[in-house]
Structure formats: C-alpha cells, structure tokens
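Accompanying notes for the structure given below.
The values are calculated or read from the model by the stated rules, or taken from the named source; none is laboratory data. Just so it is clear, the model here is predicted, and its values are computed rather than measured. Glycine also receives a Cβ, built like all others from the backbone with ideal geometry; neighbour counts cover every protein chain displayed. All accessible areas refer to the heavy atoms of the entire protein, side chains included, with ligands and DNA or RNA removed. Shrake-Rupley method; radii C 1.70, N 1.55, O 1.52, S 1.80 Å.
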Amino acid sequence: MPAQNDNDPFLTPAPGAMGQRREPEKSVSVASLAMQPWLCFTLIILLYVLLYHHVSILVNFIVIIVIAVSLGMLFVPRSGAMGFLLLFAAMMASLMGLVAYQTYLRPYWACREYRAYSNVLPTESADGHADAGKITFTRGTRVDTSRAVGFKNRHTYCVAPVMDETSNGRAEFWAAGMDCCSAREDMWCGDVRKEGARSGIVLLPEPSIFDNWVPSDMEMYQRAVKLAAAQYELATPTDPVFVQWVADAEEGQSAFAWGAFYFVVIASIVYLIFSCMAGFVASIMSRPNGARKG
C-alpha cells in the first residue's frame, strides 16, 4: 500500500483548523427580550403624559425614531425578535399615551390654562364663558335630570340642562357625559346626583383627523341638546357650554391628574406581565435549531 504523501495539500489540514470547533450562535436572553421592550413602553407613555401637551412635536419625533430603529433591527441577524418586540411596545405605548392624554391630561390642562369662573348664574350667556375651564355656579343651581336626554350613536350621549328657579325655560349650560343616562328623564353622570354639587369642568372640542368622516363627541352632545330642547320646549344657544358636573372643581381637576398617574402605573404593570411572556416565547423561537431541539 503506497505511503501517504504528507505534502499533498488536499490531505493536509489547513493551519489552525485542527482542534477548532465552531461556536454556536448566541441567542438573546429572556431578560433582555422582556425588560427592554417594557422600558421602551413605559418611557414612551411617560413622554405622552409629561410632555405631549407642551411639546407634542418632540414626543412624536422621538416615537418615530424608536419605530424606525425597531424596523431596522428586523433585518439585522439575531436582532429580529428584539426589533419586533420594541416596535410593538412603541406602537402600544403611543396608543395608550394618546388615550391617557385625551382622557385625563387634556381636561387637566384645560382646567389649569382656561379661565375659572365662580358665582355664575345658569341664565348667563354661554358665549360669555366660551373661554372657561372651570365654572362654579351660584347656590340653588342644579342639573334638571327630569329633562335629561340620551342620544344613541354607538355610545349614549347624555345631556341635561343646568338651571335654577329663574331659568324660565332657557338653558345656556348643559351637564354632559357618556353612557350614564337612560333615553329620557334620568341621568347619573359625574356628581349629578350629589346633593349640593354646583360646579362643572368644561368639556372642550377634541380636534381629530377623522372629523370629516366621523362625528365628534361634541357633535353628538349637540344633537342630544336639540332633542331635549324640542321635547321639553327649552330655548338654548347655538353653542351651549357643556360641563362635567362635579361637587368641587378643584378636586375634579386633581382627580384628572391622579387618574393619569394610576393609568400609567396599571398600564406599565400589565405590559410588564405581557412583555415577560412575549420575551420568553421570543427567546425560544429565536434560538438556533440545534439549541432549540436540545
């Protein structure tokens, strides 16, 4: 049998090849896949709560940057799972942040930045209080729930006139709320049923890109007022003032701030639980095939 040729390049191993072992691909840890998206979610929702009212352009710019980076990570090896989770966290945080702003922070800042009126007669002109954020009416003012009307359009838009003994069938101000009344003559929105309540936080129009296609909440309240005015023979201005009826306007303003705080805390906790589960699943799915089988 011929002797092996040690000089044969096809038989001689390449320098450094002997004893070399291919290192397995490293997968991203469960902790990273869980915590980084959660931090992204929490920080973005905090941006909406703390900064959106004053510097909305900056908040939107930061969110766009985060989304762009997340999209880029989808095409980077071993970063696709993290990119997807960060993208989802950024989008969910933006949605929740806008909900928190519209529900709690927008009325809170309206209370702070618009005028506060006190000792207002319910017979005074609504036009003269178009710049109001908070209104405290004179003693004896009440919400006449016997003239309440609910206008149904997906939600029930509830209105009832704010009146006193001298109103004489004219309603300049209306207590309003959503899904808190029957079709006629009953309403429990806010502190309407609370004895001695005589304050209101003004409901302001909410501009939306969908205004040309979907009627706004303010339009729905206007329709409810027209129904009430026709049914109960009430005179009302073209643009009445709608208020959320509260026992104390200052406490109502503080309630919006606390509502935003609790919203952020609960949303962050819920998303942490979801992020841990999603991170665990993503960690398994992103492992190399050999590691996954083992």
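Some observations on this one:
- Selected residue (criterion: farthest from ASN119 (Cα to Cα)) from residues of the range 187-197 that are in a loop (DSSP other than H, G, I, E, B) and within 29 Å of the chain's Cα centre (by Cα): TRP188
- One residue stands out among those in the range 184-215 that are modelled with pLDDT of 90 or more and small (Gly, Ala, Ser): the one that is surrounded by the fewest Cβ atoms within 10 Å (Cβ to Cβ), which is ALA197.
- Per-region count, the range 60-78, residues open to solvent by less than 30 Å² (accessible area, probe 1.4 Å) and either of a type in the set (Ser, Thr, Tyr) or modelled with pLDDT under 95 (or both): 1
- Leading residue by the ranking (surrounded by the most Cβ atoms within 10 Å (Cβ to Cβ)) among those in the range 131-181 that are assigned to a strand (DSSP E or B) and free of Cβ contacts under 8 Å to residues at least 60 places away in the same chain: CYS181
- Of the set (1) in contact (Cβ under 8 Å) with a residue 12 or more places away in the chain; (2) within 21 Å of the chain's Cα centre (by Cα); (3) over 20 Å from ALA247 (Cα atoms), all apply to LEU95 but (1).
- Residue pairs meeting the criteria (Cβ under 8 Å; at least 6 apart or on separate chains; first farther than 14 Å from GLN253 by Cα and open to solvent by 70 Å² or more (accessible area, probe 1.4 Å), in the range 111-126; second in a strand (DSSP E or B) and hydroxyl-bearing (Ser, Thr, Tyr)): SER118/THR136; ASN119/THR136
- Qualifying residue in the range 219-226 (condition: surrounded by fewer than 16 Cβ atoms within 10 Å (Cβ to Cβ) and under 23 Å from the mean Cα position of the chain (by Cα)): yes
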